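Colleague: Here it is, the structure, as structure tokens.
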Amino acid sequence: MPDQYALPVRRRTSINILDDDDGDDPILSVVNIVDVFLVIIAVLLIAVIENPLNPFATQDVIIIKNPGKPDMGMVVKEGNELKEYKSSGQIGEGQGAKAGTAYRLKNGSMVYVPEVGGANAKSVQ
């Protein structure tokens, strides 16, 4: 038989601050997607800045497309002006004077030595 004068038993309600119910919140996945897009945008901006034809770059640039092929072209950027030259595939001829000599080194690179005063410069350093 229960005692009439006994105090009722209280259940202890535990408050656990470490339990996190935010894992089920759908807005958190949207925030994560926004973070991913911000990183992608930052990478794309860096790629645009590093592009040699960047309109904000102050350097003059020459880009040769498809070198040695019939559809070879050249893009020249001088200041804010872009010029594009395309190869016609024709062999050109005209009048002129020898401007120097080109040498191919053992590693495959080319060195151009301009003529000095009409004498051909033979020394390559």
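Colleague: Take the residues in the stretch 1-54 that are part of a helix (DSSP H, G or I) and at pLDDT below 65; name whichever of them is nearest to MET74 (Cα to Cα).
Modeller: Restricting to residues being part of a helix (DSSP H, G or I) and at pLDDT below 65, the top hit is GLY23.
Colleague: A follow-up question, please. I'd like the full set of residues that are touching a strand residue (DSSP E or B) at 6+ places or on another chain (Cβ under 6 Å), within 12 Å of VAL61 (Cβ to Cβ) and not β-branched (Val, Ile, Thr), limited to the stretch 72-89.
Modeller: Start the filter on the stretch 72-89 by keeping residues that are touching a strand residue (DSSP E or B) at 6+ places or on another chain (Cβ under 6 Å), which leaves 73-77, 83-86.
Checking which are within 12 Å of VAL61 (Cβ to Cβ) leaves us with 74-77, 83.
Those that are touching a strand residue (DSSP E or B) at 6+ places or on another chain (Cβ under 6 Å), within 12 Å of VAL61 (Cβ to Cβ) and not β-branched (Val, Ile, Thr): MET74, LYS77, LYS83.
The values are calculated or read from the model by the stated rules, or taken from the named source; none is laboratory data. This structure is a prediction, so every number in the text was calculated from the model and none was measured. Cβ: placed from backbone, ideal geometry, glycine included. Neighbour counts: every protein chain shown.
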